[in-house]
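Asks: A single structure is presented below for examination.
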Amino acid sequence: MSTIRIAGAPISWGVCEVPGWGHQMGPDRVLTEMAALGLEAMEFGPLGFLPEDAEGRKATLAKHNMSAVGGFFPAVLHDPDVDPLPSIATELEAYVAADAEVLVLAAETGLDGYDAPRPVMTEDNWQTMATNLTRISEHAAALGIMVVIHPHAGTMVETKADVDEVLSRTTIPFCLDTGHMWIGGTDPVAFAKDHGDRVGHVHFKDVHLAIAQRVRDGELSYYNAVKEGLYAPLGQGDVDVRAITSHLIAQGYTGWFVLEQDLVMQEEPSAGGGPMVDAKDSVEFLRAVAAEA
């Protein structure tokens, strides 16, 4: 049986960095439910979900016998007048203290949320982003931390053309996100097959592609798509999760598979209900797929 590393992400419990996203569950309940599912590691979640100081963050994880994978960190990478490294360097102090492995970097637009029109990328912007990705990667590597770039809806690395630019201009590993890649026009199965050597991290969610197509076509905002059930537990949507897992394992992938099913909630769910139900289905499905692979 293949042994794979499965972790959880707070966004699967509705915890998100976007203002007004929805009801935000507290860390004690989220970490307790992750541990109950047999997950031994988690991504940090947005700033403020866990204590921002390094020792406080480490203590919260230890309280729940949880280790740190790392986390999602949006930063402006394309603007020549913005230096993203100081804020990232501060964040990495907590990563070192908690023995985290991966910084999942998103190239934010500089605007709130993921539904505002993106600025147009010029050659200067692409060169700035490539330089920043190299600087950030080198700084983190010196601390023993890997940086991956996360193609993400509503960011400056969203479309297949954006992905191809980063592939050709840098050597940075990617976070293969089965939902956001598909929305942006990159086939995640093909990416796992053709660029498995560039996959450093995986965000796994299943996708209802009919809803995702409406986001692609501009008919539905990303936020409203999530509210309408864009994402499903693994094995219950339209993405070939089995093929992606098999391709990566066959190519020697040893990184994390992070369960990350974006969710919007309006109120605290009942005990044993809510996000934990879907997360349990995903964990069981992924473990079965790994056994097959």
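All of the numbers you see were taken from the coordinates with simple rules; none came from a lab. Just so we're clear, the structure is a prediction, and the values are computed from it rather than from any experiment. Neighbour counts are summed over all protein chains in view; Cβ atoms, including those assigned to glycine, are modelled from backbone coordinates with ideal geometry.
Asks: Scan around Leu234 for amide H atoms under 5 Å from its own, H built in the peptide plane at 1.01 Å from N, and keep only partners 5 or more places away or cross-chain.
Replies: Excluding prolines and chain starts, which carry no amide H, the hits are Asp206, Ser282.
Asks: Taking the number of other C-beta atoms within 10 Å as the exposure measure, put Cys16, Cys175 in order starting with the fewest.
Replies: Cys16, Cys175
Asks: Going by how many other Cβ atoms sit within 10 Å of their own, how do Phe49, Phe285 line up, fewest first? Before the final figure, lay out the partial values.
Replies: Working: Phe49 23, Phe285 19.
Lowest to highest Cβ neighbour count: Phe285, Phe49.
Asks: Of Lys58/Lys193; Lys58/Lys160; Lys63/Lys205; Lys227/Lys280; Lys160/Lys280, which ones are farther than 26 Å apart at the Cα?
Replies: Details: Lys58/Lys193 36 Å; Lys58/Lys160 37 Å; Lys63/Lys205 28 Å; Lys227/Lys280 20 Å; Lys160/Lys280 32 Å.
Over 26 Å apart, Cα to Cα: Lys58/Lys193; Lys58/Lys160; Lys63/Lys205; Lys160/Lys280.
Asks: Ok, one more. Taking neighbour Cβ counts within 10 Å as the exposure measure, how do Ser282, Ser87 sort from fewest upward? List each step's numbers first, then the result.
Replies: Working: Ser282 26, Ser87 14.
Ascending Cβ contact count within 10 Å gives the list Ser87, Ser282.
Asks: Report the local net charge at Ala36: Lys and Arg +1, Asp and Glu -1, summed over other residues whose C-beta lies under 11 Å from its C-beta. Provide the component values of the computation, followed by the final result.
Replies: Details: positive: Arg29, Lys280; negative: Glu33.
Around Ala36, the surrounding residues sum to +1.
Asks: Can you tell me what share of the DSSP beta bridges in the chain is antiparallel? A percent to the nearest 5 is fine.
Replies: Numbers: 2 of 29 bridges.
Roughly 5 percent of the beta bridges in the chain run antiparallel, per DSSP.
Asks: Across the stretch 228-276, how large is the tail of the calculated P(r) beyond 17 Å, expressed as a percent of all Cα pairs?
Replies: Numbers: 607 of 1176 pairs.
Every Cα pair in the stretch 228-276 considered, those over 17 Å come to 52 percent.
Asks: Let's test the formula: R0 of 22 Å, r as the Cβ-Cβ distance of Leu167 and Val96. What FRET efficiency results, to the nearest 0.05? Present the calculation step by step, with values, prior to reporting the outcome.
Replies: On the way: r = 29 Å, r/R0 = 1.31.
It comes to 0.15.
Asks: Give me the number: length gained by fully extending Ala35 to Ser67, i.e. 0.36 nm times residue separation minus the C-alpha to C-alpha distance, one decimal in nm.
Replies: Values: separation 32, 0.36 × 32 = 11.52 nm, distance 1.04 nm.
Roughly 10.5 nm would be gained on extension.
Asks: Any idea how far the Cα center of the stretch 116-142 sits from the one of the stretch 199-246, in Å?
Replies: Taking the Cα centre of the stretch 199-246 as reference, the centre of the stretch 116-142 is 26 Å away.
Asks: Another question, then. For the chain, count all C-alpha to C-alpha pairs, find those more than 31 Å apart, and express that count as a whole percent of the total.
Replies: Cα-Cα pairs of the chain separated by over 31 Å account for 22 percent.
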